[in-house]
Amino acid sequence: MRSSRFFFTTLKEAPADADVISQKLMLRAGLIKRAASGVYTWMPLGLRVLRKVERVIREEMDCAGAIELLMPAVQPAELWQESGRWEKYGPELLRFQDRHQRDFVIGPTHEEVITDIVRRDVKSYRQLPLHFYQIQTKFRDEIRPRFGVMRGREFLMKDGYSFHTSFADLQREYATMHATYSRIFTRLGLQFRAVAADTGSIGGTGSHEFHVIAETGEDDIAYCPDSDYAANVELAEALAPSIPRPAAIAAPQKVATPGKTACADVARFLRIPLTRLVKAIAVVREGGTTQFALLLLRGDHVLNEIKAGKVDGLAPFRFAHDAEIVEFLGCEAGYIGPVGVDTRRVRVIADRSVAVMGDFVCGANAAGFHLSGVNFGRDCPEPEIADLRNVVAGDPSPDGKGALALCRGIEVGHIFQLRTTYARALECCYLDEQGKRQVMEMGCYGIGVSRIVGAAIEQGHDDKGIVFPAAVAPFQIAIVPMGYHKNEAARSAADQLYAELLAAGFDVLLDDRDERPGVLFADMELIGIPGRIVVGERGLKEGKLEWKGRQDEASILLEKSALLAFLRERLCAA
């Protein structure tokens, strides 16, 4: 491709409303243009990147035996009503009516549509297993779109769905997809981790997320450097301390802590470490019989709402209102604790780390006061015990093979064992070998195609611009001739080199614009091309060309005769 026949625009500064580095650089490099909040046009340069990501995904999915189709973006409400998600999904589901007042949605995902297809046409166990996938535009009406293409409202996604006669066969395909996704992200040149994850609103019994490792990632990942263990912090188990609870030594004492409601403030005021405090979080279970509960955590720990929601009999829950706290505890928020509560009305659930604490400090259920020297069994009843907190760095790894470390990641893929969640709701069944009707087992496998581009930039950039992996860069090589419109020798050599590289199978951009060398170099670095070849009069006299890799500190001179072999080795290695 010649720059003079291509269309790209670069900016010196990013728009003021750009949130993160990928959004800033994609706008500056002319990969995308904002059309509306959370909605972007993929410009020719960005589309080349997107198509390269798609190509790798298609090749690996086809190799794994999946079959591509294309489902409609517009879906009838009847399917969502049948699955039960019409009411459950929430305002992110964009609903509308056609001219006949029939309800439709713009699909954020396609479980209902694919299940409807399979239930219509698949009748026998002999037709299974099946795995369909598509690469298609989705829409989720995010309340606050941000981070460019990484949390937009409209996005491109690869979603796949598999159907099976048994859970064992679903597990086989799930393992195949785990390996397939690992190959995809490896081929794309990304540093990533596959982590155990919560199934969330999709449902099912097991899932893994694939995260591109980046300091700007939204998700915290817990992993063990000494093993293969990795999990989203939402799911990572915080093991019970191995030490027993110490014997009570101190007597309980009511101490004044006027105006001190935050744990850190109380700790400073009493001159004790945060690890000596127990904080109480008041929640109310909704649905059925309303129940008030206190969740107890160590002062330096953070409540994991996903874990709390899995405590038997607690879900669905919300945080208690001030009036409810006064009603059940007789005290305002900020000074509440487990001592003296009516356990017939208040359920007390302690995190595993709290359960082994002794002589701790907690709220006194009296405004302006805390209690020190508190012990379970003596000063308050023994609580229920559950894993309620986020893990922290240094916690023992759940696999017993070392200590956990934390990093941040950007989720770009997610695989689920859906089991029979949707198949049962939509009566997607088959006849087994005995002619009996059985519900199909299902798997679901998603990749955020457009999100990968943003994640790759979050992981790879510098002060000059984007540093794309070679597999997804818009072009592999940029040819930058010096004085293309003024120097016949440079123009002729650049044109010849361009033809040779194209014939050799390289994806090349010849920058034949009439601009200063500094502008040409800066633009090629901004848009993230892995390497450039400078064609200059001085080098041509010596029979040499100048090569500079995108992250090389200095350029090198190469003999023209050795260039093709060098490029094959350099770019294939990348």
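The values are calculated or read from the model by the stated rules, or taken from the named source; none is laboratory data. In this text the structure is predicted, and so the values were computed from the model without any measurement. All Cβ positions, glycine included, derive from the backbone under ideal geometry; neighbour counts span all protein chains shown.
Worth pointing out:
- Restricting attention to segment 94-113, the residues that are within 18 Å of Gly446 (Cα to Cα) and within 24 Å of the chain's Cα centre (by Cα) total 7.
- Any pair with Cβ under 6 angstrom, 6 or more apart, that starts in segment 479-507 at a residue that is assigned by TED's automatic domain parsing to the domain that holds Leu564 and within 23 Å of Ala522 (Cβ to Cβ) and ends at one that is assigned to a loop (DSSP other than H, G, I, E, B) and hydroxyl-bearing (Ser, Thr, Tyr): Arg491/Tyr484
- Residue pairs meeting the criteria (Cβ under 6 Å; at least 6 apart or on separate chains; first in the same structural domain as Glu60 (by TED's automatic domain parsing), in segment 165-182; second surrounded by 15 or more Cβ atoms within 10 Å (Cβ to Cβ) and of a type in the set (Phe, Trp, Tyr)): Thr165/Tyr125; Met177/Tyr445; Tyr181/Phe210
- Check on Ala282, touching a helix residue (DSSP H, G or I) at 6+ places or on another chain (Cβ under 7 Å) and surrounded by 15 or more Cβ atoms within 10 Å (Cβ to Cβ): yes
- Criterion: small (Gly, Ala, Ser), in a helix (DSSP H, G or I) and in contact with a Pro (Cβ under 8 Å, 6 or more places away or on another chain) - qualifying residue of Ala489, Ala456: Ala456
- Qualifying positions in segment 100-113 - under 18 Å from Gly448 (Cα atoms) and in a loop (DSSP other than H, G, I, E, B): Gly107, Pro108, Thr109, His110
- Scanning segment 58-83 for residues that are out of contact with any strand residue (DSSP E or B) (no Cβ under 6 Å at 6 or more places or on another chain) and surrounded by fewer than 13 Cβ atoms within 10 Å (Cβ to Cβ) turns up Asp62, Cys63, Pro72.
- Scope segment 94-115; condition free of Cβ contacts under 8 Å to residues at least 40 places away in the same chain and among the hydrophobic types (A, V, I, L, M, F, W, C); matching residues: Phe96, Phe104, Val105, Ile106
- Wholly within segment 303-366, strands (runs of 3 or more DSSP E) carrying at least 3 residues that are crowded, with 19+ Cβ neighbours inside 10 Å and out of contact with any Ser or Thr (no Cβ under 9 Å at 6 or more places or on another chain): 346-351
- Checklist (1) assigned to a helix (DSSP H, G or I); (2) buried (at least 17 other Cβ atoms within 10 Å of the Cβ) applied to Tyr133, failing item: (1)
Yes or no, residue by residue, for (1) of a type outside the set (A, V, I, L, M, F, W, C); (2) without any contact (Cβ under 8 Å) to a residue 40 or more places away in the chain; (3) farther than 23 Å from Ser182 by Cβ:
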| site | (1), (2), (3) |
| --- | --- |
| Asp399 | yes, no, no |
| Cys407 | no, no, no |
| Gly413 | yes, no, no |
| Phe416 | no, no, no |
| Tyr422 | yes, no, yes |
| Cys428 | no, no, yes |
| Glu433 | yes, no, yes |
| Lys436 | yes, yes, yes |
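- Residues in segment 20-54 that are of a type in the set (D, E, K, R) and either within 19 Å of Lys158 (Cβ to Cβ) or not assigned by TED's automatic domain parsing to the domain that holds Phe147 (or both): Arg48, Arg51, Lys52, Glu54.
- Counted as qualifying within segment 2-99 are the strands (runs of 3 or more DSSP E) with 2 or more residues that are within 30 Å of Thr115 (Cα to Cα), namely 74-76, 94-97.
Let's see how each residue does on (1) within 18 Å of Phe475 (Cβ to Cβ); (2) in a strand (DSSP E or B); (3) over 39 Å from the mean Cα position of the chain (by Cα); (4) not β-branched (Val, Ile, Thr):
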position	(1), (2), (3), (4)
Ile533	yes, yes, no, no
Glu553	no, no, no, yes
Phe566	yes, no, no, yes
Glu569	no, no, no, yes
